[in-house]
1. Taking square-rooted eigenvalues a ≥ b ≥ c of the alpha carbon gyration tensor, is region B:238-293 rounded, prolate or oblate, where a/c under 1.5 means rounded and, failing that, a/b exceeding b/c means prolate?
2. As a footprinting exposure proxy, order A:55, B:56 by other Cβ within 10 Å, with the fewest listed first.
3. Output needed for region A:52-175: three equivalent-ellipsoid semi-axes, defined as square roots of 5 times the C-alpha gyration tensor eigenvalues, in descending order, whole Å.
4. Averaged across A:106-115, how many Cβ atoms of other chains sit within 10 Å of each residue's Cβ atom?
5. Express in whole angstrom the spacing between the alpha-carbon centres of region A:111-173 and region B:73-141.
6. In peptide A:240-251, how many Cβ atoms from other protein chains are near each Cβ within 10 Å, on average?
7. When you look at the Cβ of every residue in B:157-164, what mean number of other chain Cβ atoms sits within 10 Å?
8. Find the relative contact order for chain A and round it to a whole percent, using C-alpha pairs within less than 8 Å whose residues are 6+ positions apart.
C-alpha cells in the first residue's frame, strides 16, 4: 500500500503533458527516476526481494553463495538504433548478464541498471527499452531492483546481476586433458543475423537470434552438474574456449567440421561469432553420454566438438588463418 | 597458486614495451583485461570471496540479507580530467557506491566495475584510476571482484556494490511526525572545494573533501540503530531530505541556521551541495540524546537540524527561493 501511494504521488508530481515526443530533458532527473519507478512497479513480488526501488540500496536474501556479474550495452559499440529496436536493446542488455549467470550454472535473481542517457532521448524510446528489460526479467524469473541514471553523450546501459550459485561451483578453470569439449545448440546465428540486417533482410531465424538472444539458464544448471569447466559463448566459440584453456592451463582442440551451425551460418561464423549465449563446456569422458541424455530430456542439443589435451591455447585442426573472433579495441 | 600462475601467463602474453605513453588500443581487449586482472591481484584474500576475476561470475558468500547498489562516474558529467587526477576519479567512483551502503547501515563487501574507455586512453592513466579504486577498497574493507570493459567515446565507470545488510533494515521510509532531523559532520565542503578548484585554488580542506570524499560507513552502522529513516547526502541536503519526506509521506523541516557548515562553505552550499557523503536521518525524539552520545564515542558529530511534521516535502524556514540542489538533466 505504501508503495502504491508512493507511485500515485510520483505520477501526480510528473510534468504534465509528457506526450509521445517528450524528451528525457523535459522530465528532469527526479521526474525520470519517478517514471522508471512507475514502469518497474508492474513487477511481480519476488520472494527473494526484501526492499526494491526507492532506497539507497535494494535488499535481497539469497541463501548459500551469491554469483555477481556485470556487462554493458553501449550505443554505437554494441547496437545501433537503426537496426535494434528499443525493446530488443533492453532485452539484449539484460540477456548478456543472464548468460553469465547461466555460464556459472546459477539462477538469476536481481539486477541493477546504470544508464547514461542523452537528454534528447525520447521518453517513449526509454519506456520501450524498459519494456524489453522487463520482458527479459519475466522470462528468466528475476527482478529489476534498482539502478542509476546519468546524463551522457550516448545511450549506455551497464547492468549488474546477482544470482544464486549452484551447490557445485563451476567456472572456466577445471578442464583436464582427456575431457570432451561440447557445446549446446547451434552456433553462428547471431552474426549471420547481423549480416542479414546489414543486407536489408529484416526477418528469419538468424535475425531473430541476433535481436533476441536466449541465454541458456536451464542448460547451464544441467550442464554444470557434469562439466569440469564451462563458459558462455559471448566473444565467439574459439575465443571463449580460449578462456577455458587459459584458466585451466590446458589446450582445447576443436574440430571445425563438428561444430553445429545455425541455419544460414558458415563454419567461420560458428567458430567466431559472438553473442550466441550458448554454452561451451569440457566434460570428463566417462560422464559425456550421461550429460547428452540429461540435455536431451530438457530438449537441448549437446554436441561433442573436440577434446582437451596437455598444452596451451585453442587449436582448430584444418582451419586456415588466425583464431576468429572480435576485439572491442581493435587489437588481436 | 593457480591464480599466481595465471597472472604470470597473463604477463607473458602482454604486448611487449607497453611504455608510459602506451594506449589502451595497443593492449587490445584481451590484453587490457589481463592488465586489470594483474592490478587487482594485489588485493588481500577476502574471507567472503569464494571466486574472483577470471570467470563469468564472481562468487561470494554473504549470510543474512544482501544490499545492492549501483552508481556511475561519467567524464564530463561527474568529473573532468583537468581537475581530478585519475587516482581521485577511481576513489570517487567507488566512494559513491560505498556511501549508498553506508546510508543503509551496511558493510560493503564486493564491487563490480563496468568501464567505457576511449581506445586512446593512456594505460598509465587507467592504472592510476585502478590504484584509486583499490585504495578505496582497502579503506573500507571490500574487494573488487570483477567487471567489464567496453570501448566508448568517453570514460565512464559504472560500479555495482554488494554489501551485508544490518540486522535491523533502515531506509528512506519510516520517518514519523515528531522525529528529530539530524546530520553527521559538516556540510558544503565538496561544492566549496569544487569552486576553489574553478578559481585555481588546488589545496585546502574543502578541495580535499571534493577530491577525496569519505563515505560514512561507521556512522551509518551506528546511526542505523537509532534512526527511523536515513539516507546519504549525495544530491544535496535539501534534496536528499526530500527523498526521506517523499518515501515516508511526511514533511521535513530544516532550520538553515542549524546546519553545520564546512570551513569555507556557505549555508547555501551546506543546503544544496552534493557528493558530501555525510548522512541525514530522522530519529525518534526520545532516542536522539542516546544517538548523539553513541556518535560522540566514535568521534562523529551528530547535529539536530530540524524536525519531522505531518505533510509533504521539505521546508527551510527563512530560506529564500527554490530548494537548492542539482539536476543531471537540467530540469527542476
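1. Oblate, since a/c reaches 1.5 and b/c is not below a/b.
2. So the ranking, lowest neighbour count to highest, is A:55, B:56.
3. 27, 16, 12
4. Partner Cβ neighbours, averaged per residue: 4.
5. Taking the Cα centre of region B:73-141 as reference, the centre of region A:111-173 is 21 Å away.
6. The shielding value for this peptide is 2.
7. 6
8. The normalised contact order for chain A reaches 19 percent.
Any read-out appearing in this document is the output of simple, stated calculations on the displayed coordinates, not a laboratory observation. Note that this is a predicted model, so its numbers are computed, not measured. Here Cβ is always computed from backbone atoms with ideal geometry, including for glycine, and neighbour counts include all displayed protein chains.
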